[in-house]
Amino acid sequence: MSKQIVTMTINGKKVEKAVEPRTLLIHFLREEMVLTGAHIGCETSHCGACTVDVDGKSIKSCTHLAVQCDGSEVLTVEGLADKGVLHAVQEAFYQEHGLQCGFCTPGMLVRAYRFLQDTPDPTEEQIRMGMAGNLCRCTGYQNIVKAVQSAAKKLKAQTKESVAA
Amino acid sequence: MIPPSFGYSAPRTLPEALQLMVQHGDAAKILAGGHSLLPMMKLRFAEPGHLIDINRIPELKGIREENGLIKIGAMTTENELIDSVLLQQKVPLLPEAARLIADPQVRNRGTIGGDIAHGDPGNDHPAISIALDATFILTGPRGQRNVAAANFFLGTYMTDMQSDEILTSIHVKPFSTNKTGSAYCKLKRKTGDFATAGAAVVLEISAGVVSLARIALTNVAPTALNAKAAAAALVGKPLTDASIKAAVDAAMAICDPAEDLRGDIEYKTAMAGEMTKRAIRLAASRCK
């Protein structure tokens, strides 16, 4: 089938590419854009390793076509850190041992980022419900919950600082 | 896994989408949230020649109250159902049930219309729609027609919708807040799993007597089941352990589940009974 031109903004950079309609967003990001942070896990929209942010919403990029993102804003794990400084969510996962093998981590981070944008002051139950679309086979989730709690505190402190400044 | 090649259009209006369906005929397939269709395409269980993506048609989205009805655009996502204050107040069964469907990411994509039109007995909205006595608005080249949820589901992946029609809207009557109670009880092994068995119940209790009951079951037959005899066992009398047992027995009597890794026939039938019992009790506790 003939390729179609898509334009999207990925981690703040505008890109224009010709893609086959059947190209999944995860393959487009990893192979065309060489953004290999988002991982291919189950490929059946269960595991969440491929989670990215599209127009302010978490989605599973294994079950989304690249052509569907024409005109969209896409955020991947590569877009979280700012000039080499880790995002609060990344720092919290690292400090709270929210990962072991790291395979699920890019999806966890991008999902945690969006979850905390939507729910800045979450209860543990809200965290467990909000992160339920991301599977981790190492940590048993306890440290992931702690990391999200810690990131929530860090983000609140940052907001206060920026308001004070 | 990469799906086979296909053409792709993303129309901006409903007439444009209908025109594309005529143009592409049997090769055309509507793409809604894509969380049933794209996995099936990866596995070659579905090989449409042309996808018509209806995500960019604004008139298929949104929830509003009009002429005494709650009208839900077919492309409204599960998370939009959960967040809708109108539904929380007037049709609380829908946000409650949507929270039990899939996970946060999938609920950002999965739509009520896609869940219904797909005709999968494992999907939750068919039984919920039957319990709500919802009406489906189908739009095609010959115009619009309305189909009652109870008459829509014909078999596994088979519905009353024709190949050139689009499910555009779901209409539901708002609950009469002073006497209606509802509940959806779903047994599942894990987040994101289909139901082992599920039961949707809507009850009205007036002066201590059940004046209306609707019960529908998820994933225990080739389609969602309208458990009419179970509902009839409750109506016209006060709710008692005996009437609930009669309803549960009637619900289990119509179950015809397929054995799979979620359980054998006996277990799934028993769980359909248990979910029915729990949903009746919970719905009754919500009747004021």
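Any read-out appearing in this document is the output of simple, stated calculations on the displayed coordinates, not a laboratory observation. This one's a predicted model, so the numbers in the text were calculated from it and none came from an experiment. Backbone-built Cβ (ideal geometry, glycine too); neighbour counts: all protein chains shown.
So here's what we get for this one:
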{"item": "GNM flexibility winner over chain B from B:GLY110, B:GLY143, B:GLY198 (Cα, springs under 10 Å)", "result": "B:GLY143"}
{"item": "Rg and Dmax of the protein assembly as shown, Cα atoms only, in Å", "result": "22.9, 70"}
{"item": "Structure-based [θ]222 nm, chain A - -39500 (n - 2.57) summed over DSSP H runs of at least 4, per residue, nearest 500", "result": "-10000 deg cm²/dmol"}
{"item": "Inter-chain shielding of B:50-56 (mean C-beta neighbours from other protein chains, 10 Å cut-off)", "result": "2"}
{"item": "10 Å Cβ neighbours from other chains, averaged over peptide A:14-24", "result": "3"}
{"item": "Magnitude of the charge dipole, the protein assembly as shown, Cβ model with Lys/Arg +1 and Asp/Glu -1, debye to 20", "result": "800 debye"}
{"item": "Whether region B:7-51 is rounded, prolate or oblate, judged on the alpha carbon gyration tensor where a/c under 1.5 counts as rounded", "result": "oblate"}
{"item": "Mean ellipticity per residue at 222 nm, deg cm²/dmol - from DSSP H runs of n ≥ 4 across chain B, formula -39500 (n - 2.57)", "result": "-9000 deg cm²/dmol"}
{"item": "Chain A: most fluctuating residue of A:VAL67, A:VAL77, A:VAL52 per GNM, C-alpha cutoff 10 Å", "result": "A:VAL67"}
{"item": "Alpha carbon centroid spacing (whole Å) that separates region A:35-102 from region B:1-61", "result": "26 Å"}
{"item": "Tail fraction, Cα-Cα pairs, region B:185-258, threshold 16 Å, whole percent", "result": "50 percent"}
{"item": "Convex hull per residue volume in Å³, alpha carbons only, for region A:88-164", "result": "75 Å³"}
{"item": "Estimated dipole of region B:145-288 in Debye, rounded to 20 [Cβ of Lys and Arg +1, of Asp and Glu -1, Cα centre]", "result": "760 debye"}
{"item": "For region B:120-203: rounded, prolate or oblate by the Cα gyration tensor [a/c cutoff 1.5]", "result": "oblate"}
{"item": "Cross-link pairs A:LYS60/B:LYS288; A:LYS146/B:LYS188; A:LYS57/B:LYS277; A:LYS154/B:LYS188 - those with Cα-Cα distance over 30 Å", "result": "A:LYS60/B:LYS288; A:LYS57/B:LYS277; A:LYS154/B:LYS188"}
{"item": "Inter-chain Cβ neighbour average for residues A:59-69, partner chain, 10 Å", "result": "5"}
{"item": "Calculated FRET efficiency for the pair A:LYS153/B:GLU66, C-beta based, R₀ 51 Å, to 0.05", "result": "0.70"}
{"item": "Inter-label distance for B:ASP83 and A:TYR141, nm, one decimal - labels placed 7 Å from Cα along Cα-to-Cβ", "result": "2.3 nm"}
{"item": "Eligible lysines near B:LYS173 by straight Cα distance, threshold 16 Å, same-chain separation 8 or greater", "result": "B:LYS71, B:LYS90"}
{"item": "Separation in nanometres of the label points that stand 7 Å from Cα toward Cβ, at A:TYR94 and B:ASP241", "result": "6.1 nm"}
